[in-house]
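Input: a single structure, listed below in structure tokens.
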Amino acid sequence: MLCSRLRNLGFAVSWLYMDELRHGRIEPEALAGSDPPDLILYDLDAPVDASLLLLTRFRSLPGMGGVPVVLLRTAQTPLPPLDGPGIVAVLTRPCEPALARTIIEAALRDGLDEAA
């Protein structure tokens, strides 16, 4: 639902289901491509440690190390240490679209500032 709302706000959005990575249906290397994304919205899954391990693996791919990460979680999902790989913000679902937009725009702006 959030991805659809973001697309309606004018963001270019693509996504994949983490189960596809976990079960080997998609290799993380196939996601890196030649043009890394501007931002990763990462929906934390339980167990959080395993979920963050997949994020670390994804960010270790060429070109992905500098991409900012906004974590999504439910109120019941434990909050991980925020010094994780590139984490710039955490949103708790469900969240207001205006708040999500503000957080995402700030992460994109800050990411562009660091790249300059």
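The values are calculated or read from the model by the stated rules, or taken from the named source; none is laboratory data. Quantities reported herein were computed from a predicted structural model and do not represent experimental measurements. All Cβ positions, glycine included, derive from the backbone under ideal geometry; neighbour counts span all protein chains shown.
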Only listed residue being acidic (Asp, Glu) and surrounded by fewer than 15 Cβ atoms within 10 Å (Cβ to Cβ), chosen from Asp43, Asp83 | Asp83
Only residues in the stretch 67-83 that are among the basic types (Lys, Arg) count as the first member; pair them with residues that are in a loop (DSSP other than H, G, I, E, B) and modelled with pLDDT under 85, Cβ under 6 angstrom, at least 6 apart or cross-chain, and list the lot.
-> Arg73/Leu44
Scan the stretch 62-116 for residues that are in a strand (DSSP E or B) and either polar (S, T, N, Q) or at pLDDT below 80 (or both) and report the count.
-> 2
What do you reckon, is Gly10 at pLDDT below 75 and at positive phi?
-> no
